[in-house]
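Below is one structure; the comments refer to it alone.
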Amino acid sequence: MTKSVFRFLSRQPDTPELYGQDHLLRLPRNSDYREWYRLRSDSRSFLQPWEPTWRSDELTEASFRARVLRAGQECSSGLAVPLLLFRRDDSALLGGLTIGYIRRGAAQSCMIGYWMGEKHAGQGHMLAALKVAIPYIYGGLQLHRIEAACIPENWKSMRLLEKAGFEREGLLRKYLKINGEWRDHVMFSRLPDDGEFGKLMKS
């Protein structure tokens, strides 16, 4: 992440298109449906153990259009920034990253969640996406604390967060209902001085 990229991101907190060297994060559009449907349906067995139970209409076009509308509303109202992750060289959809539960006032914090299509997993794409999103969260959204929660068995996700400068804080008992069951989660957090972003701002 370079300083010039960060300045570009910080000018557009309301309608973000976040560019990394090889990746793009942006709000979903109705035209994304076919590719989103293929990636999610092909990755269903890979994703379901880590997500809330999929609704019967989860993959329909009507449901996706509602998702797009809701994403725009949440972004405009400052509640969340739900982004899709694309590879820049061929515009392939890789996954998604949501900056959610944005809290202002004394908290100035958010919770992030993410997913990756099975065929793109384990290739460093989500780490690259976090390196693009983190400066936007601190600089564009002017937040102080980023939180993330992982099921203890999801060691790949926990390792990803640690690589991105997050620190483990503790266990949240029966925190979220995942795939039909209330599951414990490990809480991680990241502050502006942590990791590479802190070094960038001090340089």
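The values are calculated or read from the model by the stated rules, or taken from the named source; none is laboratory data. The shown structure was predicted, so the numbers you read here are calculated from the model rather than taken from an experiment. When we count neighbours, we look across all protein chains shown, and the Cβ atoms used for this are built from the backbone with ideal geometry, even at glycine.
For this structure, a couple of remarks:
- Filter result (assigned to a loop (DSSP other than H, G, I, E, B), surrounded by fewer than 16 Cβ atoms within 10 Å (Cβ to Cβ) and either touching a Phe, Trp or Tyr at 6+ places or on another chain (Cβ under 6 Å) or among the hydroxyl-bearing types (Ser, Thr, Tyr) (or both)) within the range 40-74: Thr53, Ser56, Thr60
- Out of Leu171, Leu127, Leu94, sole residue that is in contact with a helix residue (DSSP H, G or I) (Cβ under 7 Å, 6 or more places away or on another chain), at pLDDT 95 or above and over 30 Å from Ser56 (Cβ atoms): Leu127
- When the range 157-181 is filtered for residues that are more than 15 Å from the chain's Cα centre (by Cα), closer than 16 Å to Leu47 by Cα and in contact (Cβ under 8 Å) with a residue 24 or more places away in the chain, the ones remaining, listed by number, are Leu176, Lys177, Ile178, Asn179, Gly180.
- Looking only at residues of the range 102-144 that are within 30 Å of Arg34 (Cβ to Cβ) and among the hydroxyl-bearing types (Ser, Thr, Tyr), we find that the one that is surrounded by the fewest Cβ atoms within 10 Å (Cβ to Cβ) is Tyr114.
- When Ala129 is tested against (1) within 24 Å of Ser45 (Cβ to Cβ); (2) part of a loop (DSSP other than H, G, I, E, B); (3) touching a residue at least 60 places away in the same chain (Cβ under 8 Å), just one condition goes unmet, and that condition is (2).
- Filter result for the condition that a residue is assigned to a strand (DSSP E or B), modelled with pLDDT of 95 or more and either of a type outside the set (A, V, I, L, M, F, W, C) or out of contact with any Lys or Arg (no Cβ under 6 Å at 6 or more places or on another chain) (or both), over Tyr37, Tyr33, Tyr114: Tyr114
- Subset tally (residues that are crowded, with 16+ Cβ neighbours inside 10 Å and out of contact with any Asp or Glu (no Cβ under 6 Å at 6 or more places or on another chain)) for the range 145-174: 14
- Flag for Phe86 being surrounded by 15 or more Cβ atoms within 10 Å (Cβ to Cβ), of a type outside the set (Asp, Glu), within 19 Å of Leu127 (Cα to Cα) and modelled with pLDDT under 95: no
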